Amino acid sequence: VQLSWHKELEVLERLGLRDGLKVLDLGCGPGFVASELMMAFPGTQLSCLDSHPGLLREAENYIREFGYEDVEFRKGDSHKTGFSGQTFDFILARFAFQHFKDPQAVINECYRILKPGGMLAIIDVDDEFGFITEPPLVELNSMSNELARAQARGGGNRNIGRQLFRMLRDSSFDNMDLNSIIVHSDESGLELFKHQLDFERYTPLMHHGFITPSQLEHARQALERFMAREDAMVMASYIICAGCRPVR
């Protein structure tokens with residue numbers, strides 16, 4: 001979140017996100033985005049939805065540390081949220097759609113619970129439009145490929161970015177908007193990319209048989225060499241796709 005939020009926020013504000021709206025953080029995870037939303041727009045009526053009870057507890061604890069007591073936390077599926085129709089002015093789904101087994105059903109649900117004129121904004125990845133390292137960190141590509149394979153086995157799709165515009169259009173959204181967010185280590189510093197590059201994130205792949213311990217150790221050593229180089233650089237690209245529920 002720290003890596004790219006300042007740029008994401010500029011786009012979200014242009015899409016109509018402002019203080020005083022009723023907003024849904026769809027697939028809120030541990031609450032990092034929710035805290036940024038509340039800091040930027042303290043008058044927001046924010047609801048956080050996630051299907052994972054552990055992450056939802058983390059999010060609630062994290063948000064409460066900032067003193068935000070009025071944020072709503074709800075356990076639920078993104079394709080069947082349980083919210084009443086025409087509830088929200090703005091829905092933000094950040095890096096959630098890559099995990100959904102039926103993303104079109106989720107978009108349909110977002111349409112249902114948005115007010116007429118409300119906006120759905122999706123921030124997500126497309127692995128063919130993603131990370132670039134210089135010099136090339138080939139081990140990162142190998143790990144990313146295995147991660148994509150693991151997510152696909154669970155019904156996810158790390159190439160969802162290219163499909164979002166069409167999906168929103170097929171669900172009758174209009175005033176469509178498609179943007180990219182690009183962050184570069186020469187601009188923000190290599191340190192902020194450490195989490196994205198940390199191969200410890202891929203340890204679950206080893207536990208589930210997608211990679212071997214020796215492959216993971218080889219990747220760790222390659223990363224150490226990469227981070228030690230004075231000429232190392234990283235560029236990451238994300239997709240923002242948005243659409244409005246028509247006012248009829």
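The values are calculated or read from the model by the stated rules, or taken from the named source; none is laboratory data. Keep in mind it's a predicted model, so treat the numbers as computed, not measured. Cβ placement follows ideal geometry from the backbone for every residue including glycine, while neighbour counts extend to all protein chains displayed. Surface areas here come from the heavy atoms of the whole protein model, side chains and all, with no ligands, DNA or RNA. Shrake-Rupley method; radii C 1.70, N 1.55, O 1.52, S 1.80 Å.
Think of the chain as a dipole: +1 on every Lys or Arg Cβ, -1 on every Asp or Glu Cβ, centred on the Cα centre; then among 155, 30, 145, 155 lies furthest on the positive end. By the Cβ rule of 4.7 Å, the chain holds the following cysteines without a possible disulfide partner: 110, 241, 244. I want the local charge near residue 220. Using Cβ-Cβ distances under 12 Å, sum +1 for each Lys or Arg and -1 for each Asp or Glu among the other residues. It works out to a net charge of -3. Where a Cα-Cα gap under 28 Å defines reach, which lysines qualify for residue 101, not counting those fewer than 8 residues away within the same chain? The qualifying lysines are 22, 75, 80, 115. Accessible surface for the range 148-248, divided over its residues, is 56 Å² per residue with a 1.4 Å probe.
For the chain, adding -39500 (n - 2.57) for each run of n ≥ 4 DSSP H residues and dividing by the number of residues yields -11000 deg cm²/dmol at 222 nm. Residues with beta-carbon under 10 Å from that of residue 155, excluding residue 155: net charge, scoring Lys, Arg +1 and Asp, Glu -1? Value of the local net charge: +1.
Remark: the range 209-248 carries a charge dipole of roughly 440 debye about the Cα centre, counting +1 on each Lys and Arg Cβ and -1 on each Asp and Glu Cβ. Taking the chain as a Gaussian network, where each spring joins two C-alpha atoms under 10 Å apart, which residue of 136, 116, 30 fluctuates the most? Among 136, 116, 30, the largest mean-square fluctuation in the Gaussian network model of the chain belongs to 136. The listed residues 162, 220, 153 rank as 153, 162, 220 when sorted by accessible area, largest first, using a 1.4 Å probe. Computed with a 1.4 Å probe over protein heavy atoms only, the accessible area of residue 65 comes to about 140 Å². Pairwise Cα separations in the chain fall into 5 Å bins from 0 onward with the following percentages, short to long: 1, 6, 13, 16, 18, 17, 13, 9, 5, 2, 0, 0. Computed from point charges on the beta carbon alone (+1 for Lys and Arg, -1 for Asp and Glu), the dipole magnitude for the range 123-248 about its Cα centre is near 680 Debye. Over the range 14-97, accessible surface divided per residue gives 45 Å², non-protein components excluded, 1.4 Å probe.
Annotation: extensible slack from residue 69 through residue 230 equals 53.5 nm (criterion: 0.36 nm per residue apart, minus Cα-Cα distance).
Measuring nothing but protein heavy atoms, the accessible surface of the chain at 1.4 Å probe radius is 48 percent carbon and sulfur. Rounded to the nearest 20, the size of the Cβ-charge dipole of the range 6-95 about its Cα centre is 240 debye, with Lys and Arg at +1 and Asp and Glu at -1.
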